[in-house]
1. Please tell me if VAL39 is modelled with pLDDT of 70 or more, in a loop (DSSP other than H, G, I, E, B) and open to solvent by less than 40 Å² (accessible area, probe 1.4 Å).
2. Looking only at segment 1-30, count how many residues are open to solvent by 80 Å² or more (accessible area, probe 1.4 Å) and touching a residue at least 12 places away in the same chain (Cβ under 8 Å).
3. Looking only at segment 65-76, which residues are open to solvent by 30 Å² or more (accessible area, probe 1.4 Å) and touching a residue at least 12 places away in the same chain (Cβ under 8 Å)?
Amino acid sequence: METVASQGGVAFSQYWIIRNKSVCKAQVQKPTSRNIYRVIAELNGELVIIESRWDIEYSLFLKALQSLQVSNALYMDMGPGWNHSFYRDQNDTIILHPKTHNYCTNWITFYK
């Protein structure tokens, strides 16, 4: 880590919840914990972001990922109140979860 940091690198620390189509043994949340959950995932060979629209139990979110047959899923949630998310299509900005404060981070940006 020190070598990477000394050369201008950064670390990225999130948890796998599904790896090679298997649910990881280390659970990042209690099964009954409720939140708006988000993962960056591999689905049908493509990189996607999957997010729950409402607060749901973690176990239900995990079951939904399994039912989609997600190959890999990296946990990307930052906790309640940090769920500001949106995407842009060709015409508009579509807000999925409105901004609640000025400290929303954990941005994922895709470029063509």
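1. It is false that VAL39 is modelled with pLDDT of 70 or more, in a loop (DSSP other than H, G, I, E, B) and open to solvent by less than 40 Å² (accessible area, probe 1.4 Å).
2. 7
3. Passing the criteria: GLN66, LEU68, GLN69.
The values are calculated or read from the model by the stated rules, or taken from the named source; none is laboratory data. This one's a predicted model, so the numbers in the text were calculated from it and none came from an experiment. Note that each Cβ is placed from the backbone with ideal geometry, even for glycine, and that neighbours are counted across all protein chains shown. Just the protein is used for accessible areas: all its heavy atoms, side chains included, with ligands, DNA and RNA removed. Shrake-Rupley method; radii C 1.70, N 1.55, O 1.52, S 1.80 Å.
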